[in-house]
Amino acid sequence: MFVGSTLGARTRLTRRGVAALAASLTLAAGSMLVAPPASAAVGGASGSKAPLQPAISFPGGDSVAEGGQIAIRFDANGDTRVTTFRYSVGDTNLGSEVHAASGGTASVTIDVGSLTGERPVYAVAVDRRGRLSPMTQGSFTVSANWSLKGQAFDTTTWLPLEGATIRLKPAGIEVVTGPDGAFQFAVDPGLYNLVGTYAGPPSLYGSQQLELDNQGLQFDLYLFPDSGS
């Protein structure tokens, strides 16, 4: 009786173990069946990415004269999630915004003002969830309407000199300064001699060799007493 009961208990325990093992295998199989496919996992990760870095271009060219306007184009590089672009000129504050068209592009036209030289443009793309792309940078150049400007000064008083004749050689052009002693020339790039004379009294003279480019140069010419006077 005792031995039989023991064998019966062992038999029942073994059957229970087999049943538990089968249930575990069934649950594992079910988990495998409901697991998302690899493509779905990848798609989810992709959907959380920031927009692509935009491109900046200048449809009308990247050079403009001072006081003019320049067109700037932003391109999302095919990222259809982009709805706007934030941008700024000269610094990275991105204080301006323009809406993107259905093709993921936008264009603006800005006044360049009188500041000459290379001007940087910064931009980021923004998607419908407000996520920002990495910042990108472009640049354009503002050229001066003048090649050389400045003031003539009398070194006996250190004041602006009115009535001085300022010549630019070998261009063969000259101007006479007004009350503020100012002069201005517009010539092609090259090497020039700037010569200033004043009849006096006392008679004054000054000269300087200058190399001019398309960016414009500001230079003040100091006239000293002419040793021959």
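Some points to look at:
- If you go through segment 100-114 and keep only what is touching a strand residue (DSSP E or B) at 6+ places or on another chain (Cβ under 7 Å) and within 28 Å of residue 67 (Cβ to Cβ), you end up with 105, 106, 107, 108, 109, 110, 111, 112.
- Candidate set: segment 169-192, residues that are part of a strand (DSSP E or B), more than 17 Å from residue 145 (Cα to Cα) and in contact (Cβ under 8 Å) with a residue 24 or more places away in the chain; chosen: the one least open to solvent (accessible area, probe 1.4 Å): 192
- Where strands (runs of 3 or more DSSP E) fall wholly inside segment 60-118, the ranges with 2 or more residues that are out of contact with any Phe, Trp or Tyr (no Cβ under 8 Å at 6 or more places or on another chain) and not hydrophobic (A, V, I, L, M, F, W, C) are 69-75, 82-89, 105-111.
- For segment 111-122, the criterion of being of a type in the set (A, V, I, L, M), closer than 23 Å to residue 50 by Cβ, touching a residue at least 40 places away in the same chain (Cβ under 8 Å) and surrounded by 19 or more Cβ atoms within 10 Å (Cβ to Cβ) is satisfied by at least one residue.
- Selection status of residue 147, over 19 Å from residue 197 (Cβ atoms) and open to solvent by less than 20 Å² (accessible area, probe 1.4 Å): yes
- All of 147, 139, 133 fail the test of being touching a residue at least 12 places away in the same chain (Cβ under 8 Å) and within 13 Å of residue 90 (Cβ to Cβ), apart from 139.
- Check on residue 163, in a loop (DSSP other than H, G, I, E, B), at pLDDT 95 or above and over 21 Å from residue 53 (Cα atoms): yes
The values are calculated or read from the model by the stated rules, or taken from the named source; none is laboratory data. All values reported here derive from a predicted model rather than from experimental measurement. In this analysis, Cβ positions are derived from the backbone assuming ideal geometry, glycine residues included, and neighbour counts consider all displayed protein chains. For the accessible areas, the whole protein counts, side chains as well, though only heavy atoms, and no ligand, DNA or RNA atoms are used. Shrake-Rupley method; radii C 1.70, N 1.55, O 1.52, S 1.80 Å.
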